[in-house]
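The values are calculated or read from the model by the stated rules, or taken from the named source; none is laboratory data. Just so it is clear, the structure is predicted and the values come from calculations on it, not from any experiment. Here the Cβ positions follow ideal geometry from the backbone for every residue, glycine too, while neighbour counts run over all protein chains shown.
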Amino acid sequence: AEKLEDGALKVIRRLTDRGFEAYMVGGCVRDKWLGRKVKDYDIATSARPEQVQSIFERTIPTGLQHGTVTVLIDRVPYEVTTFRKEGDYEGFRRPSEVEYIDNLHEDLQRRDFTMNAMALDQDGRLIDPFGGQEDLRLKRLRCVGQAEERFREDALRMLRCLRFAAEYGLEPETATWSALLLLKPLLGHIAMERVQAELLKMLAGANPNLAVDLLCSSGVLQHTKKKLSLASIADGKPWPNLDRLPDELHRLAFLYIRIGATAEQADADMRHLACSKQQTEKVRLMVTAHERLRNEAGNNKVMDDMSMDQRKRLWLLAAIRYGRGTLRNVHKLYSQEEHLSPSQRVWVAEGERWLDEMPVSEVSELAVTGQELMRLFAPAKPGPWLGRLLAALLEETALGELSNETEALLKAAEAHYEQIREIE
Ligand code: ATP
Ligand code: MG
């Protein structure tokens, strides 16, 4: 961490030695002031991008159109951005054109919140023209300038507002909050990818519960470009501690389960949000497995008298169907629920151990391969029977009714073969 800061100071000193102004700005100043770990140091300077490129040996033109040059110091990248103001805002998003300026003050003025509009010079002097320090002390989040104007310029700032409020435990100041409530319909202009990024960061952050509260109380999710099922989350009884769940995807799955969304709805939302395939699949599997276990346990009318064996069977079958990892995730979700059915309580108590003890959960773990079965039943042609046979062996092995040894598996395969062929 020290080293990271030293590199930033090197960049700043070199620039000032050449007669330019240079400061640490934005998130790093805020996080330093709060005593938080700084993720990356951003530097603002009066030097133009070409000048920055000529002053440092190793640079990458990462964002020349925004005036940003990445400078490498001991292989660590630092973003150096020329003081600028932004041209006209288009489509309620930040502009593509920028205008370079000569003073820091105006550069700070274009920034979103007072706490993000502070700078530090090479001697550690804080430059804070909008009272960011005071706002942080009062745990207050405030727009630089007129909140309405700032949110109209760039509607994404409203989501950033909620994210920062949650992450740092801040209360949006009155004018900022009322501007947000007034202008939230402008979020319909923001690309869903941007909404996704903010949403996942909020859920991944230090205080996901506060993030959810803010999403509910502001009602912003009702105004996204594409309609989300998640928009139906509403205030009400408090949520369990979401930060006990390992990551943003578990937390998101938990929200879907809580609002009673189906796996299809969760899946559709995540597509709308342009989430990755892996992210979507992970959440969809958690919601599906949860739904399915609930239905199966619920459809069993004598639910309360279901035997331990039946419960274990349902659990292990779900692990085969949705993957052991998914069931571990579902277990984590149950562990945070306060109202559990009798079956769910058993799954919380025993589910993890059952998964650990499960000898196999996938066909690939079986001590027999499809090829071996083909050989055993030659000259039978491959067909759906093969998959069915493997599935039957997997189920018996997973449930502990059959040992995962080649000989035993081949014998069981022979016993099942006729019956399975008959189905075809
Ligand atoms: P973090 O990276 O921890 O989310 P950050 O403050 O570094 O927080 P970035 O998105 O990395 O946030 O942006 C860096 C700085 O650029 C911000 O601190 C802020 O000063 C400015 N900034 C970023 N996005 C906007 C925006 N949409 N409107 C105005 N200023 C912005
Ligand atoms: Mg940052």
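Structural remarks
- ILE60 being within 12 Å of ligand 1 (Cβ to nearest atom) and assigned to a strand (DSSP E or B): no
- When restricted to residues that are surrounded by 15 or more Cβ atoms within 10 Å (Cβ to Cβ), assigned to a helix (DSSP H, G or I) and in contact (Cβ under 8 Å) with a residue 60 or more places away in the chain, region 227-269 contains 5.
- Among the residues listed as ALA398, ALA349, ALA413, ALA319, the single one being out of contact with any Pro (no Cβ under 6 Å at 6 or more places or on another chain), surrounded by 17 or more Cβ atoms within 10 Å (Cβ to Cβ) and in the same structural domain as LYS282 (by TED's automatic domain parsing): ALA319
- Exactly one residue out of VAL29, VAL38, VAL52, VAL80 is surrounded by 13 or more Cβ atoms within 10 Å (Cβ to Cβ), within 16 Å of ligand 2 (Cβ to nearest atom), assigned to a helix (DSSP H, G or I) and not assigned by TED's automatic domain parsing to the domain that holds GLN146: that is VAL29.
- Residues in region 53-96 that are under 19 Å from ARG157 (Cβ atoms) and in contact with a strand residue (DSSP E or B) (Cβ under 9 Å, 6 or more places away or on another chain): 9 in all.
- Qualifying position, being basic (Lys, Arg) and either at pLDDT below 95 or touching an Asp or Glu at 6+ places or on another chain (Cβ under 8 Å) (or both), among ARG353, ARG328: ARG328
- Residues of region 83-126 satisfying the condition of being β-branched (Val, Ile, Thr) and either surrounded by fewer than 18 Cβ atoms within 10 Å (Cβ to Cβ) or out of contact with any helix residue (DSSP H, G or I) (no Cβ under 7 Å at 6 or more places or on another chain) (or both): ILE101
- For ASP6: the one exception among (1) touching a strand residue (DSSP E or B) at 6+ places or on another chain (Cβ under 9 Å); (2) free of Cβ contacts under 8 Å to residues at least 12 places away in the same chain; (3) more than 29 Å from GLY205 (Cβ to Cβ): (3)
- So ASP42, is it in contact with a strand residue (DSSP E or B) (Cβ under 8 Å, 6 or more places away or on another chain), closer than 18 Å to MET118 by Cα and within 15 Å of ligand 1 (Cβ to nearest atom): yes
- Residues that are among the acidic types (Asp, Glu) and touching a helix residue (DSSP H, G or I) at 6+ places or on another chain (Cβ under 7 Å), drawn from region 382-413: GLU395, GLU396
- Helices (runs of 4 or more DSSP H) lying entirely in region 102-191 (those with 1 or more residues that are within 16 Å of ligand 2 (Cβ to nearest atom)): 104-109, 132-137, 156-168
- Residue check, LYS201 more than 16 Å from ligand 2 (Cβ to nearest atom) and either closer than 29 Å to THR262 by Cβ or assigned by TED's automatic domain parsing to the domain that holds VAL287 (or both): no
- Residues considered: LEU183, LEU162, LEU187. Of these, the only one that is touching a Leu at 6+ places or on another chain (Cβ under 8 Å), surrounded by 14 or more Cβ atoms within 10 Å (Cβ to Cβ), under 25 Å from ARG140 (Cβ atoms) and free of Cβ contacts under 8 Å to residues at least 40 places away in the same chain is LEU187.
- Residue, nearest to ligand 2 (Cβ to nearest atom), within region 16-25, restricted to residues that are of a type outside the set (Phe, Trp, Tyr) and surrounded by fewer than 24 Cβ atoms within 10 Å (Cβ to Cβ): GLU21
- Boolean, ARG271 is more than 13 Å from the chain's Cα centre (by Cα), in the same structural domain as HIS339 (by TED's automatic domain parsing) and modelled with pLDDT of 95 or more: yes
- Every residue from region 11-26 that is assigned to a strand (DSSP E or B) and either of a type in the set (Phe, Trp, Tyr) or within 12 Å of ligand 1 (Cβ to nearest atom) (or both): TYR23, MET24, VAL25
- Residue, nearest to ligand 1 (Cβ to nearest atom), within region 165-179, restricted to residues that are surrounded by fewer than 22 Cβ atoms within 10 Å (Cβ to Cβ) and not aromatic (Phe, Trp, Tyr): GLU167
- Filter result for ASP42 (touching a Gly at 6+ places or on another chain (Cβ under 7 Å) and among the charged types (D, E, K, R)): yes
- Elements of type helices (runs of 4 or more DSSP H) in region 345-424, at least 1 residues being under 34 Å from the mean Cα position of the chain (by Cα) and touching a residue at least 12 places away in the same chain (Cβ under 8 Å): 384-398
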